[in-house]
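Report on the following structure.
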Amino acid sequence: MRIGLCGGGQLAQMLSLAGHPLGLRCVAYAQDAGDPACAVGAFELGGWDDDDALDRFAARVDLVTFEFENVPRRAVERLAARVPVRPSIEALDTAADRVSEKSLFRRLGIGTAPFEAVDSQADLVRALASIGLPAVLKTRRMGYDGKGQKVLRAPGDVSSAFAELGGHPCILEGFVPFRRELSVVGVRGLNGEVAVYPLFENRHRDGVLRVSTSPALCSPSLEAEAHRAMRAVLEALDYVGVLAVELFEIEGGLLANEMAPRVHNSAHLTSEGHETSQFENHLRAVAGWPLGSTRPLGHAGMVNLLGAVPDAATGSGAGSVLAVEGAHVHLYGKAPRPGRKVGHVTVRAADAAARDAALARVVALLGA
Ligand SMILES: Nc1ncnc2c1ncn2[C@@H]1O[C@H](COP(=O)(O)OP(=O)(O)O)[C@@H](O)[C@H]1O
Ligand SMILES: [Mg+2]
């Protein structure tokens, strides 16, 4: 079976690599032959407004899926007229807009921060009257890694905030004084079968994911609450594939922050940490195949490599992270650029203390 991947980044690269041993051949729809996915598998080059290239892409595959949720709707519709598209256009649309995704959470009884749509500076002032400070103003669409958002702490932060985000449609959210950030990642097959991974605990720096660990240490009731939320969203969207929901842990429970209709950075450690990786499970789901077990194989952690690949991620000897027991390096082959995700390192150990020690050694060696 041939699977089309919209996007040529590292997520498409890891999907392509995961498909190969299963006999699933991925074709990435990429912008540039230098994109990460193009180094490891077949690809078609084109932009989202290039109908001929989209048609060539569709002709080469049996179905299409996504490494990224912001594919223009027109392009998705053109592909959907030719081959099955999984997850659906509706699911992508919901996840691509912060107001739609939070409205879905609310409709399903999943807690969120208070929020209001903001289309002008006057809307912002009105919304602040009910939400109050501190608050976070975010563009509704296209934000990632903390880009396109502004924390409003004092009245002085408000006056130019809407213009500073480019005058795009926004959402204002109450600032959540969370204890921890968690994510829940699940997968739903074509026949409605569902599997959910144990929770991931995520630490961010400057809005970018830095370190994830799993299984997150938490009470069974917290885990159950997150799994219930995941199942509710998967069912509501008649979803096919891997879905991630980012969560804030607060006193007394969880709030859902956003969802990603694709494989997610916090679950990269499933490659070594779990019976079946998120990449393999996504492909199994969209192919209509049985899902794989989400059972943890131990306690796993991951640290993102940002900016450039440190020597310690590739070098030999005691200074190399490869000398740390249970450590595995994944490099995407991307050119260095400040803040850019260029790879990640995972560790797995028998217990959480050994995992944390290995992760600390890796972080120290990377100078991260
Ligand atoms: N309402 C909020 N209250 C407190 N912190 C927030 C809030 N929204 C986002 N953040 C912080 O900013 C990070 C990035 O925001 P997020 O909504 O996940 O956008 P994206 O990941 O798409 O850039 C979150 O992981 C969290 O650390
Ligand atoms: Mg996020």
Sum up the charges of everything whose Cβ sits under 14 Å from the Cβ of Lys341, counting Lys and Arg as +1 and Asp and Glu as -1, but leave Lys341 out.
-> +2
What does the charge count near Arg74 come to, summing +1 for each Lys or Arg and -1 for each Asp or Glu among other residues with Cβ under 11 Å from its Cβ?
-> -1
Placing +1 on each Lys and Arg Cβ and -1 on each Asp and Glu Cβ in the chain, then taking the dipole about the Cα centre, the residue among Val187, Leu128, Leu359 whose Cα reaches farthest towards the positive end is Leu359
For Lys334, go through the aspartates and glutamates and keep the ones whose alpha-carbon is under 13 Å away, minus same-chain ones fewer than eight residues off.
-> Asp32, Asp35
The answer for the net charge of residues other than Ser212 whose Cβ lies under 15 angstrom from its Cβ, with Lys and Arg +1 and Asp and Glu -1, is 0
Which residue fluctuates the most in the chain, going by a Gaussian network model with Cα springs under 10 Å, if the choices are Val196, Val83, Val27?
-> Val83
For the chain, Rg(Cα) over 2.2 N^0.38 Å is 0.98
Positive-end residue, the chain charge dipole about Cα centroid, Cβ charges, pick of Ser271, Tyr197, Gly253 | Ser271
Of the DSSP H helices in the chain, those whose Cα atoms cover at least 27 Å axially and whose Kyte score averages 0.0 or more | none
Assigned charges on the beta-carbon of Lys, Arg, Asp, Glu; the stretch 231-357 dipole about Cα centre (debye) | 480
Which Cα, out of Gln13, Val83, Phe68, lies furthest along the positive dipole direction of the stretch 11-88 (beta carbon charges, K/R +1, D/E -1)?
-> Val83
Applied in sequence order to the stretch 237-251, the curve 6.51 cos²θ - 1.76 cosθ + 1.60 (Karplus, θ = phi - 60°) yields integer Hz couplings, x standing for Gly and Pro, of 9, 6, 6, 10, x, 8, 10, 10, 10, 8, 10, 10, 8, 10, 4
Taking amide H positions as placed 1.01 Å from N in the peptide plane, with prolines and chain starts having none, which residues 5 or more places from Ile3, or on another chain, fall under 5 Å of its amide H?
-> Arg25, Cys26, Val27, Asp62
Loop-located trypsin sites (Lys or Arg not before Pro) in the stretch 174-257, at most 11 other Cβ atoms within 10 Å (DSSP) | Arg179
Treating the beta-carbon of each Lys and Arg as +1 and of each Asp and Glu as -1, no other charges, what is the dipole magnitude of the chain about its Cα centre, to the nearest 20 debye?
-> 240
What are the ³J(HN,Hα) values, in whole Hz, obtained from phi via the Karplus relation 6.51 cos²θ - 1.76 cosθ + 1.60 with θ = phi - 60°, for each residue of the stretch 192-199 in sequence order, with x given for Gly and Pro?
-> x, 4, 10, 9, 10, 6, x, 5
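All of the numbers you see were taken from the coordinates with simple rules; none came from a lab. Since the model is a prediction, treat every value here as computed from it, not as a measurement. Cβ atoms come from the backbone with ideal geometry, glycine included; neighbour counts cover every protein chain shown.
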